[in-house]
Amino acid sequence: MNQAHISAKDRSRTPAELLFDWRRAPRSLIATGVHLLLASLAFAVLLGLVRIKVAAPQFKMASKASWIQLPASGNGVSWVLRAKEGGPLLARYEAAQWQAYAALAQDVLQATRITCHTYVPSLRDLPSPPLAHPQALANNSAPVLPRRVPPYAARHELPAGRLAPVLYPLSEVGAVGLPRDLPVFVGEIDAAMSATEWRFVLRLDATGGVAEAVSLTKAAATEATPVETWLRGVVFDPKLAADGGWLAVGIKFNNQPTDGTHPH
């Protein structure tokens with residue numbers, strides 16, 4: 001029979017025909033106990049044969065020190081110097097231990113010390129005759145010092161000026177699209193008119209003139225009439241009328257010189 005084609009069931013049934021017996025042989029508890037006992041005895045014998053020796057340290061540090069007292073003169077000084085020079089610490093020269101150090105330090109301080117002379121002012125006698133202009137005692141509310149007279153400064157007269165309206169854009173037209181030549185404002189410009197921020201919505205005709213002006217500023221009709229009359233005399237670029245003809249502008253009043261430098 002070929003061993004490769006034998007199933008596990010056939011192996012259990014025909015153990016004699018196989019090369020190995022796949023079934024475990026029955027064991028008794030006595031045999032198992034004997035084996036454990038023999039292994040324990042062998043381990044105890046080996047453990048008894050092992051000897052561990054702890055060696056004592058070869059060098060033992062002793063907590064002790066030596067102290068030698070030497071005299072402060074004679075051979076004692078030489079022995080101290082030899083101990084410092086031959087010892088583990090580097091010997092160095094201490095200037096403060098030199099006997100002549102204190103005297104030399106005092107000489108250096110005396111040579112470099114700055115001598116301070118006390119200033120004693122010399123007193124002078126008052127003149128025998130009285131003063132030429134005796135000063136009177138100051139009153140309770142009078143100034144002590146004389147009044148300062150400011151030097152004369154030439155006064156520069158400012159050139160004469162007048163208020164004139166100026167346009168600024170409120171829409172997408174920009175400052176470039178506004179006219180440069182503005183008509184002269186006819187009438188009186190009072191403080192209320194110059195302090196008001198005027199805003200208008202304009203409708204232009206085909207030639208660029210103002211066909212309609214709507215005021216957006218809350219003001220009396222009598223105050224807005226001169227401004228609206230001046231605004232109707234402004235001529236804009238005819239291209240603005242072709243784009244739709246509506247634009248928003250603001251008016252403010254600035255000082256303009258009247259000495260012939262203004263454009264009007």
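Can you find a residue that is free of Cβ contacts under 8 Å to residues at least 24 places away in the same chain, among the basic types (K, R) and surrounded by 10 or more Cβ atoms within 10 Å (Cβ to Cβ) anywhere in region 45-54? Working first, answer last.
We begin by selecting, within region 45-54, every residue free of Cβ contacts under 8 Å to residues at least 24 places away in the same chain; these are 45-54.
Now narrow it down to the ones that are among the basic types (K, R): 51, 53.
Imposing the further condition that a residue be surrounded by 10 or more Cβ atoms within 10 Å (Cβ to Cβ) reduces the set to none.
No: zero hits.
Looking at region 221-264, which of its residues are modelled with pLDDT under 75 and either in contact with a helix residue (DSSP H, G or I) (Cβ under 9 Å, 6 or more places away or on another chain) or part of a strand (DSSP E or B) (or both)?
Quick first cut of region 221-264, residues modelled with pLDDT under 75 only: 221-223, 242-244, 257-264.
Within region 221-264, E223, P257 qualify.
The values are calculated or read from the model by the stated rules, or taken from the named source; none is laboratory data. Computed from a predicted model, the values in this text were never measured in an experiment. Methodologically, a virtual Cβ is constructed for each residue, glycine included, from the backbone with ideal geometry; neighbour enumeration extends over all protein chains shown.
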